[in-house]
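The values are calculated or read from the model by the stated rules, or taken from the named source; none is laboratory data. What you are looking at is a predicted structure, and each value in this text was computed from that prediction instead of being measured. Cβ placement follows ideal geometry from the backbone for every residue including glycine, while neighbour counts extend to all protein chains displayed. Keep in mind that these areas ignore ligands, DNA and RNA; they rest on the heavy atoms of the full protein, side chains included. Shrake-Rupley method; radii C 1.70, N 1.55, O 1.52, S 1.80 Å.
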Amino acid sequence: ELKYYRQVMEEPKHPVAMIIGGAKVSTKIGVLENLVDKVDYLLIGGAMANTFLKAQGRDVGASLVEDELVETATDFLQKAEKAGIEVCLPVDAVVAPGLDSADEARQVGVEEVPAGTQILDVGGRTIERFESVLQKCSTVIWNGPLGAFETHPFHRGTFALAEFLGKLDALTVIGGGDSAAAVKEAKVDDKVSYVSTGGGAFLEMLEGKTLPGVAALEECSKRA
């Protein structure tokens, strides 16, 4: 775990891309802030992308948005631009009135999300854009699904990404949790470089936090 963490965060081979998804900006903002001077590309998906889209002035319909973090998202996008990081947000999405309305799912551009619908997955053009960026990279870290992948047909973006990473000629590290479940379900867990078993602990390391267990191991190593 620590070996791969160091390879992607402390001594990575550039260009480096971080794919980050999941539901909420609030649980990942620490990671985003810590990555500003460490990655070349930041690809954002999942419901957390809605908050960034709203920060850009997009109308995301009835999608999950953390309104209290729209200003934080705006500030982060400005900071990333100054740091020279290319931030890739969804350009299209799969929308439906809700998770229980899969038969009404359709793909639209992010500038035309119908009122009363929710963004539940990224669309095909977004995946193509993400893949074109990742193709340039030597190091890729992925944490968080791109959509509500537990419910069909909103699994397609996450699974397409997992399958692509399984074929990518790069160091590919999957940051546990839902991302680990996705690569396993897509049957590419043995094709990526490493799948973290640390879950939330791996996320804390990405935030730059020192974990008590890691600190103890390093102290023991110094004494040995």
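Solvent exposure of the chain, expressed per residue, is 47 Å² of accessible area, with all protein chains present and a 1.4 angstrom probe.
Residues whose amide H lies under 5 Å from that of ASP92, counting only those 5 or more places away or on a different chain, are VAL110, GLY123, THR126; hydrogens are built 1.01 Å from N in the peptide plane. Taking a Cβ cut-off of under 14 Å around GLU111, the surrounding Lys, Arg, Asp and Glu residues balance to a net charge of 0, with basic ones at +1 and acidic ones at -1. Rolling a 1.4 angstrom probe over region 1-141 with all protein chains present gives an accessible area of which 45% lies on carbon and sulfur atoms.
Hydrodynamic analysis of the chain uses the Kirkwood radius over alpha carbon pairs. Inserted into Stokes-Einstein at 4 °C and 1.567 mPa s, it gives a translational diffusion coefficient of 73 µm²/s.
The accessible area of SER101, taken with all protein chains in place and a 1.4 Å probe, comes to roughly 20 Å². From the residues TYR41, ILE119, ALA148, which one has its Cα farthest along the dipole of the chain in the positive direction, the dipole being from +1 and -1 charges on Cβ of Lys/Arg and Asp/Glu about the Cα centre? Working it through, the farthest residue towards the positive pole turns out to be TYR41.
With axes computed from alpha carbons, what is the tilt in degrees of helix 70-82 against the longest principal axis of the chain, rounded to the nearest 10 within 0 to 90? That works out to roughly 60 degrees. The average projected area of region 47-123, computed from the convex hull of its Cα atoms over all directions, is 4.8 nm². Karplus-based coupling profile of region 137-148, in residue order and whole Hz: 9, 9, 9, 9, 10, 10, 9, x, x, 8, x, 7, with θ = phi - 60° in 6.51 cos²θ - 1.76 cosθ + 1.60 and x standing for Gly or Pro.
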